[in-house]
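Each remark here refers to the structure printed beneath this line.
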Amino acid sequence: MNQNQKLANSGETAAARHLLSHNFKLLEQNWHFRKKEVDLIAIEGDTLVIVEVKTRSTARFGEAWQFVNRQKQNFLISAANQYVQQHNWQGPVRFDIIGICLNPYALKHIRDAFYP
């Protein structure tokens, strides 16, 4: 496992702990459909929450959440559509971003970060 993968894994673990501590039910971590991957899929209340986790070692080049561009958003929307179809999800769906900076440590959870 290279350094970037270790960084991403540590961020996803921290994000999952954050969600669980805020009463989310975690359904999937690193869910794959073909070449698409969703970092975390959870339920909050009656809402399916698709979560993109961005982790950076420092904020020198910007906050981690700022690196979820429109291309990545479209990628997540496509993957979420596949998940909804496969699991016959009938409720609302929301897209959140969790940005994590390791030095100094900060976690920012943005609910409804973007819309399909």
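The values are calculated or read from the model by the stated rules, or taken from the named source; none is laboratory data. Note that the coordinates shown come from a computational prediction; the quantities given were computed from them, not determined experimentally. Note that we place each Cβ from the backbone using ideal geometry, even for glycine, and neighbour counts take in every protein chain shown.
Please specify each residue of the range 41-73 satisfying the condition of being part of a helix (DSSP H, G or I) and under 17 Å from Arg111 (Cα atoms). Talk me through it step by step, then tell me what you get.
Taking the range 41-73 first, the residues part of a helix (DSSP H, G or I) are 64-67, 70-73.
Once the filter is applied, which keeps residues that are part of a helix (DSSP H, G or I) and under 17 Å from Arg111 (Cα atoms), the range 41-73 yields Ala64, Trp65, Gln66, Phe67, Arg70, Lys72, Gln73.
Being under 18 Å from Arg111 (Cβ atoms), touching a His at 6+ places or on another chain (Cβ under 7 Å) and modelled with pLDDT of 90 or more is the requirement here; does His18 meet it?
So His18 fits the description; yes.
Does any residue in the range 4-18 that is closer than 10 Å to Arg56 by Cα come within less than 7 Å, Cβ to Cβ, of a residue that is modelled with pLDDT of 75 or more and not in a helix (DSSP H, G or I) six or more places away or on a different chain, and which pairs are these?
Qualifying pairs under 7 Å: Leu7/Thr55; Leu7/Ser57; Ala8/Thr55; Gly11/Val53; Gly11/Thr55; Gly11/Ile100.
All but one of (1) among the hydrophobic types (A, V, I, L, M, F, W, C); (2) crowded, with 18+ Cβ neighbours inside 10 Å; (3) assigned to a helix (DSSP H, G or I) hold for Ala14, so report the exception by its number.
(2) is the only condition that Ala14 fails.
When residues of the range 31-72 are filtered for being more than 21 Å from Ala16 (Cβ to Cβ) and of a type in the set (S, T, N, Q), how many remain?
4
Can you pull out every residue in the range 10-23 that is more than 12 Å from the chain's Cα centre (by Cα) and of a type outside the set (Ser, Thr, Tyr)?
Arg17, Leu20, His22, Asn23
Listed here are the residues, each with its yes/no results for (1) touching a residue at least 40 places away in the same chain (Cβ under 8 Å); (2) of a type in the set (Lys, Arg).
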site	(1), (2)
Arg56	yes, yes
Asn69	no, no
Ile77	no, no
Asn81	no, no
Asn88	no, no
Asp96	yes, no
Ile100	yes, no
Pro116	no, no
